Amino acid sequence: MPTNYRALTIDRFLADVASERVAPAGVSAAAVTGALGAALCEMACIHTLEATASSSDDAAALSDAREELSRYRAHCLRLADADAAAVTGLFSADADGGESGVKRAVGVPFTVADACASVLELAVDVTEAATYRTVPDTVTGARLAHSALGSCATTVVWNLDSVADQSFATSVGAATRTIERRGDELIEAARTEADRRR
């Protein structure tokens with residue numbers, strides 16, 4: 001039966017993480033963290049649109065950011081489910097430990113990291129436009145997305161050690177380092193913007 005973490009309470013999800021089960025594990029937890037980061041930035045968009053008489057261009061940009069953040073929130077939660085399936089498949093009793101399973105265990109965290117980088121980009125934009133009182137929330141969202149990105153990058157690199165296809169490993173490793181660097185730049189931009197707004 002497919003996993004659907006969206007249907008679980010927070011308490012149940014955490015209990016499942018802190019159990020003898022192989023999933024949910026680190027990447028599922030990171031994906032949920034990325035979704036939470038997106039949700040915080042969505043909230044800032046909503047309150048800013050309600051509280052300010054922004055120009056039509058500013059309001060449209062915030063509305064667009066809110067919609068994108070909502071999509072990434074849902075995407076991250078789907079990826080949490082996908083990671084559970086990948087991990088369960090890799091460690092199940094009848095798993096063959098084949099290359100395709102290992103590559104899937106690389107691909108899902110890579111995709112989560114990439115999604116979190118997009119959340120970070122949006123978080124920077126929202127931090128620039130958000131009402132003063134919601135800036136701490138946007139920065140918290142950015143920090144959560146950054147943490148999730150870094151956690152998934154670690155998992156990607158770790159799992160690449162088990163990939164036999166060296167061309168694949170080299171390509172994905174390089175792309176992962178690029179995403180990590182971009183994430184570091186974006187979280188610094190979010191912090192800098194928050195400092196400017198104080």
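The values are calculated or read from the model by the stated rules, or taken from the named source; none is laboratory data. A quick note: this is a predicted structure, and the numbers were derived from the prediction, not measured. All Cβ positions, even for glycine, are placed from backbone atoms using ideal geometry, and neighbour counts span all protein chains on display.
Close contacts from the range 74-93, counting a first residue that is closer than 18 Å to residue 21 by Cα and of a type in the set (Val, Ile, Thr) and a second that is buried (at least 16 other Cβ atoms within 10 Å of the Cβ) and modelled with pLDDT of 95 or more, with Cβ to Cβ under 8 Å and a gap of 6+ residues or different chains, come to 87/27; 87/28.
Before we move on, is residue 60 without any contact (Cβ under 8 Å) to a residue 12 or more places away in the chain, assigned to a helix (DSSP H, G or I) and not acidic (Asp, Glu)? Yes. Residue pairs whose Cβ atoms lie under 8 Å apart, separated by 6 or more positions or on different chains, with the first residue in the range 120-145 and farther than 11 Å from residue 41 by Cα and the second modelled with pLDDT of 95 or more and of a type in the set (D, E, K, R), are 128/193.
Okay, residues lined up against (1) within 24 Å of residue 8 (Cα to Cα); (2) loosely packed, with under 15 Cβ neighbours inside 10 Å; (3) charged (D, E, K, R):
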position	(1), (2), (3)
43	yes, no, no
52	no, yes, no
60	no, yes, no
86	yes, no, no
107	no, no, no
127	no, no, no
130	no, no, no
134	no, no, no
138	no, no, no
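For residue 90, the conditions (1) modelled with pLDDT under 85; (2) surrounded by 23 or more Cβ atoms within 10 Å (Cβ to Cβ) all hold with the exception of (2). For residue 15, the stated conditions do not hold, so it cannot be described as touching a helix residue (DSSP H, G or I) at 6+ places or on another chain (Cβ under 6 Å) and either outside any loop (DSSP other than H, G, I, E, B) or at negative phi (or both). When each of 64, 125, 57 is tested for being charged (D, E, K, R), farther than 27 Å from residue 180 by Cα and either modelled with pLDDT of 95 or more or over 13 Å from the mean Cα position of the chain (by Cα) (or both), the lone residue that passes is 57.
Across the range 150-192, the number of residues qualifying as without any contact (Cβ under 8 Å) to a residue 24 or more places away in the chain, more than 14 Å from residue 107 (Cα to Cα) and more than 18 Å from the chain's Cα centre (by Cα) comes to 3.
Pairs linking a residue in the range 1-25 that is loosely packed, with under 14 Cβ neighbours inside 10 Å to a residue that is of a type in the set (A, V, I, L, M), with Cβ atoms under 6 Å and 6 or more positions apart or on different chains, are 6/77; 22/87. The single residue among 175, 169, 142 that is among the hydrophobic types (A, V, I, L, M, F, W, C) and either crowded, with 22+ Cβ neighbours inside 10 Å or farther than 24 Å from residue 101 by Cα (or both) turns out to be 142.
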